[in-house]
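Nothing in this text is a laboratory measurement; each read-out follows from the coordinates by a stated rule. None of the values given here were measured: they were computed from a predicted structure. We place every Cβ from the backbone using ideal geometry, glycine too, and count neighbours over all the protein chains shown.
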Amino acid sequence: MNVLLIYPKFPDTFWSFNYALKFIRKKAAHPPLGLLTVGAMLPDEYQKRLVDVNVDQLTDDDLSWADLAFIGAMAVQRDSAKQIIARCKEMGLKVIAGGPLFTAEPDAFEAVDHLVLDEAELTLPSFLEDLKNGHLKKSYRASGFCDLHHTPPPSWDLIDMKNYASMSIQFSRGCPFNCDFCNVTVLFGHRPRLKSAQQVIAELDLMYNAGWRSNIFFVDDNFIGNKRYLKTQLLPALIEWRKDKKGCVFFTEASINLADDAELMDLMVRAGFDAVFIGIESPNDASLTECQKVQNKNRDLIHDVKTLQRAGLEVQGGFIVGFDSDTASTFQQLIDFIQKSGIATAMVGLLQAPPGTRLFDRLKKDNRLLGMKISGDNVDGTTNISPKMGLDQLMHGYRFIMGHIYAPKHYYRRVKIFLKEFGNSRVETPLNAQRFLAIFRSSFRLGIVGKERFHYWSLMIWTIVRKPRLLPLAITLAIYGHHFRRICENHIL
Ligand code: B12
Ligand code: SF4
């Protein structure tokens, strides 16, 4: 049996980093971890090929070779997924689909032959059994959540790591919080499920032995969902692992209460983490109450961000506008917050209601849904809800925020605020040819051709004089700023 695993194309979005990837000559930011994991679950007697359309062409030769096409995607890849499914069908291929897009919208893909939904650990075995017996069902679903202790390491041999800017690893799924706009708890549960420290180390060894030395993203919904296990098992194991290793800087996603725990921050930095994405959402307490983001309430969020930065963790922040409690003054309030915090990577989106969330149910009851699905890109200025302040005022305010925070003057000021605060990270990534060339490309593209040239050189000179060790980070953030600005110009402003 020949199985062709296909990962559809990401459009140009905030998280695609496509304008930044050009500087380091990489084709995609992240590998398709879901499909690589599914690949590892297929029996050894199956022949496997993986085509990530973000890095390679899907050829007729690939399609003729295959007996089955396995497609996995998230909502933002919907259009490309539909085209690929149609192409497979034209070639007479049976299509099996799974992953977040199909699990969230199972009725939207008539052409798919078999939907293997939810966690493949639970649904793939019965699909494979039925395939053997020749009695396949249209849809395979699971009622509970899997035990990650049985999840195999991804089949890294199916991709060429060199095409990617970062590798991915998953330690846990699920989140103990319950923000009403978020579908993580619906999809992955409340109680964080963990892999063992041994499993994580084995996965890291696989990447390291394959020659990987660059960034590694712990793609957890909330990395600090089980602090005790982190402190006693995983982080000590990572600190030990790192002792004879080069590079491999980690980053992850976590909740703001990480800032309350000095021991945890210190262990994470010693283990090699240098950045963390945090859902801050709003500086407005009433909006946080409204969406039940309890962990962010009644605290000095700027102080928390600075605490994390000083500990050696760059904070990337998620923000939302369009809550019922937001008013005309919220837009400026958010700009002030972002500028003061020194959060360079500020993902600001309109409130959206993904199906399956409590927010979706509430707004549906109130007849305030504009559509049943979301675009899948939460930084494209679209929403499926009717905002209380009116869509025109919300869009006007949203454009005002994005135009302001990504204008070179304000963006570079923010980077400087951050670098002033940032404690040095513990891990040095080896300076390879690609990173070296990125310095020249950015000096030319941003420092000579770019509108931001004055701000670019001012930041570089400041960094060389005041924080020379942070020069690579300053260059990286300048490149990110260029990407974010292009995305805003193309899609929002
Ligand atoms: C890493 C990640 C990203 C990375 C993408 C990396 C990449 N290229 O794949 C980045 C940071 C770019 C990203 C961005 C976004 N993401 Co994201 N992301 C994740 C995250 C945290 C982990 C994904 C992962 O690698 N998981 C590990 C693998 C092993 O799990 P998996 O992919 O789900 O695969 C399992 C099953 O789904 C299934 N499966 C997967 N594929 C297939 C295929 C077949 C054939 C079969 C049978 C089974 C199967 O089997 C696997 C094993 O169980 C998930 C949350 C999560 N816990 O999964 C959200 C998630 C995928 N993201 C989500 C969203 C909404 C976004 C964003 C809009 C912003 C945001 N709020 O985070 C943007 C959109 C992207 C854009 N604008 O370009 C949603 C997707 C919802 C949807 N319906 O599609 C998720 C589920 C989080 C959530 N809020 O619920 N994201
Ligand atoms: S803390 Fe993050 S992952 Fe957890 S429920 Fe809230 S938004 Fe979702």
Task: Computed lengthening from residue 336 to residue 454, 0.36 nm per intervening residue step minus Cα-Cα distance - done: 40.2 nm
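Nearest 0.05, what FRET efficiency do residue 469 and residue 244 give at R0 = 22 Å with Cβ-Cβ as r?
Once rounded, the FRET efficiency stands at 0.45.
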Task: Alpha-carbon Debye profile of the chain, log10 I(q)/I(0) at 0.06, 0.08 Å⁻¹ - done: -0.27, -0.49
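Just the number, please: Stokes-Einstein D of the stretch 70-121 in µm²/s, Kirkwood Rh from C-alpha pairs, 10 °C, 1.306 mPa s.
Working: Rh = 10.8 Å.
Using the Kirkwood radius from Cα pairs, D works out to 147 µm²/s.
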Task: Degrees separating the helix 262-271 axis from the principal Cα axis of the chain, which is the longest one - done: 60
Open item on the list: Helix 197-209 against the longest principal axis of the chain: what's the angle in degrees, Cα atoms only, rounded to the nearest 10?
Closed with: 90
- [ ] Would you calculate, for the chain, the mean residue ellipticity at 222 nm contributed by helices, counting each DSSP H stretch of 4 or more residues as -39,500 (n - 2.57) and dividing by all residues, to the nearest 500?
- [x] -12000 deg cm²/dmol
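For the stretch 216-304, state which trypsin sites (Lys or Arg not before Pro) are in a DSSP loop and have at most 11 other beta carbons lying within 10 Å of their beta carbon. Please report the intermediate quantities before stating the final value.
Details: sites: 227, 228, 231, 242, 243, 245, 246, 270, 293, 297, 299; in loops: 243, 245, 246, 293, 297, 299.
For trypsin sites (Lys or Arg not before Pro) across the stretch 216-304 that sit outside H, G, I, E and B with at most 11 neighbouring Cβ atoms in 10 Å, the list reads 243, 246.
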Task: Other-chain or far-sequence residues with amide H under 5 Å of residue 50's (modelled H) - done: 5
Task: Label point distance in nm, residue 461-residue 89, each placed 7 Å from Cα along Cα→Cβ - done: 6.1
Open item on the list: 7 Å from Cα along Cα→Cβ at both residue 324 and residue 266: what's the point-to-point distance in nm?
Closed with: 4.5
Open item on the list: Beyond a 21 Å Cα-Cα separation, which of these cross-linked pairs lie in this structure: 365/388; 27/373; 22/306; 306/420; 416/467; 297/416?
Closed with: 27/373; 22/306; 297/416
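Could you give the length gained by full extension between residue 180 and residue 368, i.e. 0.36 nm per residue of separation minus their alpha carbon distance, to one decimal place? If you can, show how the numbers build up before the last one.
Working: separation 188, 0.36 × 188 = 67.68 nm, distance 1.56 nm.
Gain on extension, residue 180 to residue 368, equals 66.1 nm.
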Open item on the list: Apply the Karplus curve 6.51 cos²θ - 1.76 cosθ + 1.60, θ = phi - 60°, to the phi angles in the stretch 434-443 and return the couplings in whole Hz, x for Gly and Pro.
Closed with: 5, 5, 5, 5, 4, 4, 5, 4, 6, 4
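Among DSSP beta bridges lying fully in the chain, give the percent that are antiparallel, nearest 5. Walk me through the intermediate numbers first.
On the way: 3 of 46 bridges.
Approximately 5 percent, going by the DSSP bridge assignments.
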- [ ] For the chain, find the longest principal axis of its Cα atoms and tell me its angle to the long axis of helix 330-341, 0 to 90°, nearest 10.
- [x] 80
TODO: At most 12 other Cβ atoms within 10 Å plus a DSSP loop assignment makes a site exposed; report the longest stretch of the chain without any exposed GluC sites (Glu not before Pro).
DONE: 111-427
- [ ] Report the FRET efficiency, 1/(1 + (r/R0)^6), for residue 82 and residue 286, where r is their Cβ-Cβ distance and R0 is 30 Å, rounded to 0.05.
- [x] 0.15
Open item on the list: Which one, 350, 63, 487, projects farthest toward the positive side of the charge dipole computed for the chain from Cβ point charges (K/R +1, D/E -1)?
Closed with: 487
Task: Cα-Cα pairs of the stretch 368-428 separated by more than 16 Å (percent) - done: 64
- [ ] Would you mind pulling out the separation of the Cα centroids of the stretch 103-161 and the stretch 166-229, in Å?
- [x] 20
Task: Pairwise label distance in nanometres, residue 229 with residue 131, each label 7 Å out on the Cα-Cβ vector - done: 2.9
- [ ] Would you list which lysines come within 16 Å of residue 451, measuring only between C-alpha atoms, while excluding same-chain residues fewer than 8 positions from it?
- [x] 409
